[in-house]
Amino acid sequence: MFAYADETGTPERDLSGVAAYVFSDDGAKQFRHFYESNIHNRIPLNKNGVRLYHTSRCATGSREYEGMDDSERQQIIDLMVQCISQSATLGVAVLLPRAEYEKARDASPPVVECSGSPYSVCLVRCMNIICDWLDQKELGGGIDYVFEAGDRHQREANDFLRRISLSPELNKRYRMHEFSFMPKGPEVPQLFAPDLLAWEWQRAHVNASKPQRGEWRMTLKNLFDGTPHVPLYLTATSIGIQSMINKFYNLDGSMDQW
């Protein structure tokens, strides 16, 4: 199995999250084939001459997508939904509001120190959800975890995953075959899938908290209709539980904060 993950957050940094899609080997190949056949050539060239899918730019018509009309950009997103629905095994979206993180920090600073940054908390829970779901469905096999290279939390994620790799028990728990950080681009189009889920999930959060925006998007519903998804909001209690688990398995340590 392959798990491609991407982080998300609102511009005001009042929300942090991780989204991931799980593919079988055949599903990952099917995604690539559909993307290259139906989507890639619709993506405008960026300033570096590369066709790079970005949900935020495509949805809002910014940067290289600025010259496209709404219907063209929406068609790209609709095709991405179709691509995911036909190939992905599972989607996971985990969000942590800043207020809940600060509540945990105010109640017990050591708890936050052991749990890591909001990104770490969301990443761990995302991996737990994936493995629990696969166990429930009795789907065996190891997982190759793939993250976007150059992300601001790469150092933290690498440290966390390295500690897991050193523990036979945690290797088994998280089904870790290997993990890697790869640039988001046409060579690894599967990373575009969690990019879509991450952006749409945080956008839905913003729209729900600010109804005056008057924006109503159907992308999440269409994604959820096509593939099993597990969406989750974390709380201060979730952070406390994760802190205890990290401490038990010696996963706590020096990690980035918000």
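Being polar (S, T, N, Q) and surrounded by 15 or more Cβ atoms within 10 Å (Cβ to Cβ): is that true of Ser180 here?
Details: polar (S, T, N, Q): yes; surrounded by 15 or more Cβ atoms within 10 Å (Cβ to Cβ): no.
It is false that Ser180 is polar (S, T, N, Q) and surrounded by 15 or more Cβ atoms within 10 Å (Cβ to Cβ).
Would the stretch 221-242 turn up any residue that is closer than 24 Å to Ser85 by Cα, more than 16 Å from the chain's Cα centre (by Cα), exposed (fewer than 15 other Cβ atoms within 10 Å of the Cβ) and at pLDDT 80 or above? Spell out how you get there, then give the answer.
Quick first cut of the stretch 221-242, residues closer than 24 Å to Ser85 by Cα only: 221-233.
Among the residues that remain, those that are also more than 16 Å from the chain's Cα centre (by Cα) are: 221-222, 225-226.
Keeping just the survivors that are exposed (fewer than 15 other Cβ atoms within 10 Å of the Cβ) gives 221, 225.
From the residues that got through so far, the ones that are at pLDDT 80 or above too are 221, 225.
Yes: one or more hits.
Output the residue which, of all residues in the stretch 151-185 that are closer than 20 Å to Gly116 by Cβ and assigned to a loop (DSSP other than H, G, I, E, B), is modelled with the highest pLDDT.
Step one: of the stretch 151-185, the residues closer than 20 Å to Gly116 by Cβ are 151-167, 169-171, 173-174, 176, 179, 181.
Adding the requirement that they be assigned to a loop (DSSP other than H, G, I, E, B) leaves 151-153, 166-167, 174.
On the way: Asp151: 70, Arg152: 73, His153: 75, Leu166: 85, Ser167: 84, Tyr174: 91.
The selected residue is Tyr174.
Pick from Ser71, Ser87, Ser37, Ser62: which is closer than 17 Å to Leu196 by Cβ and surrounded by fewer than 19 Cβ atoms within 10 Å (Cβ to Cβ)?
On the way: Ser71 fails: closer than 17 Å to Leu196 by Cβ; Ser87 fails: surrounded by fewer than 19 Cβ atoms within 10 Å (Cβ to Cβ); Ser37 fails: closer than 17 Å to Leu196 by Cβ.
Going through Ser71, Ser87, Ser37, Ser62 in turn, the sole match is Ser62.
Could you please let me know if Tyr119 is surrounded by 15 or more Cβ atoms within 10 Å (Cβ to Cβ) and closer than 19 Å to Phe160 by Cα?
It is true that Tyr119 is surrounded by 15 or more Cβ atoms within 10 Å (Cβ to Cβ) and closer than 19 Å to Phe160 by Cα.
Within the stretch 1-14, take every residue that is modelled with pLDDT of 85 or more and either of a type outside the set (Gly, Ala, Ser) or more than 13 Å from the chain's Cα centre (by Cα) (or both) and give me the one that is farthest from Ala208 (Cα to Cα). Lay out the reasoning, then the answer.
Step one: of the stretch 1-14, the residues modelled with pLDDT of 85 or more are 1-7.
Narrowing further to those that are either of a type outside the set (Gly, Ala, Ser) or more than 13 Å from the chain's Cα centre (by Cα) (or both): 1-2, 4, 6-7.
On the way: Met1: 34, Phe2: 32, Tyr4: 27, Asp6: 22, Glu7: 20 Å.
Among residues in the stretch 1-14 that are modelled with pLDDT of 85 or more and either of a type outside the set (Gly, Ala, Ser) or more than 13 Å from the chain's Cα centre (by Cα) (or both), the one farthest from Ala208 (Cα to Cα) is Met1.
Of these, Ser24, Ser85, Ser71, Ser62, which one is closer than 18 Å to Pro231 by Cβ, small (Gly, Ala, Ser) and out of contact with any Pro (no Cβ under 7 Å at 6 or more places or on another chain)?
After applying the criteria, what remains is Ser85.
Taking Gly49 and the conditions (1) on the phi < 0 side of the Ramachandran plot; (2) surrounded by fewer than 17 Cβ atoms within 10 Å (Cβ to Cβ), which numbered condition does it fall short on, given that it satisfies the others?
(1)
Can you tell which of Leu134, Leu139 is assigned to a helix (DSSP H, G or I), farther than 19 Å from Ala198 by Cβ and aliphatic (A, V, I, L, M)? Walk me through how you get there before you give the answer.
Details: Leu139 fails: assigned to a helix (DSSP H, G or I).
None of the other options fit; the residue is Leu134.
Quick one: which of Val111, Val121 is more than 22 Å from Gln190 (Cα to Cα) and either under 17 Å from the mean Cα position of the chain (by Cα) or modelled with pLDDT of 85 or more (or both)? Give the derivation first.
On the way: Val111 fails: either under 17 Å from the mean Cα position of the chain (by Cα) or modelled with pLDDT of 85 or more (or both).
Of Val111, Val121, the one residue that is more than 22 Å from Gln190 (Cα to Cα) and either under 17 Å from the mean Cα position of the chain (by Cα) or modelled with pLDDT of 85 or more (or both) is Val121.
The values are calculated or read from the model by the stated rules, or taken from the named source; none is laboratory data. It should be emphasised that the depicted structure is a prediction, and the values quoted were computed from it without experimental measurement. Backbone-built Cβ (ideal geometry, glycine too); neighbour counts: all protein chains shown.
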